[in-house]
Amino acid sequence: MTAPWLVGDIGGTNARFALVDGPDGAPRDVRALPTREHADLADAALAYLSRYAPGVRPSAACLAVAGPVTGGTFHLTNAGWPVGTPGDVRDRLGVPHLEIVNDFAGLAMSLPRLAADDLVPVGDRYPAADGPVAVVGPGTGLGVGGLVPVPGGGWVPLPGEGGQVDAPAGTDLEGEVVRLLRAERGAATAEYLLSGDGLARIHRYLAIIDGVPPEPVTPAAIVERAQRPGSRDPRCARTLAMFCELLGSLAGNVALTIGATGGVYLGGGILPRIAGVLKDSAFRARFEGKPPVEGYLRAIPTALIVHPGPALVGAAMRLAQTAPEPARPLESA
């Protein structure tokens with residue numbers, strides 16, 4: 001019998017955990033716990049082990065968190081948890097080897113393992129992951145990450161906080177939306193528009209620009225109304241169109257910054273729900289439309305990730321590279 005690894009993908013809404021049986025194993029016993037029902041990361045991980053893996057003592061763990069991991073600390077940007085340290089989590093879990101990584105660094109690590117069935121191309125080609133790749137994903141927040149191949153084999157993730165860059169307005173209407181955002185929030189970061197809350201903000205700002213009272217509406221309702229067969233809501237449809245166009249500009253910026261010749265992958269919880277809208281939108285036009293480098297960007301493929309738990313796969317890949325004793329045998333009682 002072997003001791004499995006513990007992997008996690010912890011966002012502002014859900015904390016997902018799974019067990020992995022060594023370097024070649026796939027995540028199993030995947031469960032999602034509401035993030036805000038737990039005091040901190042260790043508390044959420046202990047709750048998972050207690051409820052869904054009683055008696056299991058993982059030999060190693062890699063937990064991907066939605067926020068910066070720097071200077072020996074980590075912080076979930078949208079969870080309300082206190083700043084933590086890997087050492088404290090390791091001690092409370094009793095795990096010999098533990099790593100905490102940015103969630104989009106974890107997601108990036110999964111990209112070479114994703115199969116064609118895990119992807120929906122946005123454009124005419126699948127990414128090949130044969131060079132540097134990038135991933136951009138709107139959800140509760142906005143994540144950005146990258147992955148660079150290492151000579152001789154292996155990959156190095158590039159974590160960052162790219163969701164906090166300035167919103168990439170490319171039209172006069174988007175400029176007016178950004179002006180309203182800056183007046184309301186004091187800043188106009190991409191995450192304020194390219195996230196669940198961002199959908200609601202775009203919808204509200206478009207109503208203000210149209211000179212009508214804003215209607216309180218949830219992101220889920222915007223998505224549903226924009227795609228309702230036979231009775232599509234025009235403002236909700238405009239909201240999703242602008243969302244996809246802003247995302248295209250941002251993804252193009254990321255591709256240029258990282259030199260993501262192997263492709264740009266699109267993740268997060270929102271895009272799989274609007275896959276048809278995304279494919280039919282001006283996403284690619286905005287992705288490529290950056291003179292004088294249109295040809296460079298035209299050669300970079302983009303695809304939507306539809307795998308249900310890519311960051312868990314990436315966390316397992318990270319452990320396959322770093323865990324000193326993967327799946328260490330347990331002594332018999």
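The values are calculated or read from the model by the stated rules, or taken from the named source; none is laboratory data. Since the model is a prediction, treat every value here as computed from it, not as a measurement. A quick note on method: Cβ atoms are made from the backbone with ideal geometry, for glycine too, and the neighbour counts reach across all protein chains shown. In case anyone asks, the SASA skips ligands and DNA or RNA and just uses the protein heavy atoms, side chains included. Shrake-Rupley method; radii C 1.70, N 1.55, O 1.52, S 1.80 Å.
Roughly what angle does helix 196-210 make with the longest principal axis of the chain, taking Cα atoms, 0 to 90 degrees, to the nearest 10?
The two axes meet at around 10 degrees.
Once you place label points 7 Å from the Cα toward the Cβ at Val156 and Glu294, how far apart are they in nm?
For Val156 paired with Glu294, the spin-label model returns 3.5 nm.
If you restrict to DSSP beta bridges whose two residues both lie in the stretch 1-112, what percentage is antiparallel, to the nearest 5?
55
Could you tally the net charge around Gly252, taking each other residue with its Cβ under 9 Å from the Cβ of Gly252, Lys/Arg +1 and Asp/Glu -1?
Net charge in that neighbourhood comes out at +1.
For every other residue with a beta carbon closer than 15 angstrom to the beta carbon of Glu215, add +1 if it is Lys or Arg and -1 if Asp or Glu, then tell me the sum.
Around Glu215, the charge tally is +2.
Which shape class applies to the stretch 129-275: rounded if a/c is under 1.5, otherwise prolate when a/b exceeds b/c and oblate if not, where a ≥ b ≥ c are the square roots of the Cα gyration tensor eigenvalues?
prolate
Within the stretch 267-305, what residues put their amide N at less than 15 Å from the label point 7 Å along the Cα-to-Cβ vector of Arg125?
Under cut-off, by backbone N: 288, 294-303.
To the nearest 0.05, how large is the calculated FRET efficiency for Ala285 and Asp24 if R₀ is 35 Å and r is the Cβ-Cβ distance?
0.30
Tally the DSSP beta bridges in the stretch 38-181 and give the antiparallel ones as a percent, rounded to 5.
70
How big is the Rg/Rh ratio for the chain, C-alpha atoms only, Rh by Kirkwood, two decimals?
That ratio equals 0.99.
Quick check on the chain: of the DSSP beta bridges with both residues there, what percent are antiparallel, nearest 5%?
60
Would you calculate a helix-derived [θ] at 222 nm for the chain, using -39,500 (n - 2.57) for each DSSP H run of n ≥ 4 and dividing by the full residue count, to the nearest 500?
-11000 deg cm²/dmol
Could you compute the longest span of the chain free of trypsin sites (Lys or Arg not before Pro) located in DSSP loops and having at most 14 other Cβ atoms within 10 Å, not counting the site residues?
In short, 1-124.
Could you compute the net charge surrounding Thr239? Neighbours are other residues with a C-beta less than 10 Å from the C-beta of Thr239; K and R count +1, D and E count -1.
Computed value for this residue: +4.
Quantify, in whole percent, the carbon and sulfur part of the accessible surface of the chain (1.4 Å probe; protein heavy atoms only).
Solvent-exposed carbon and sulfur of the chain make up 53 percent of the total.
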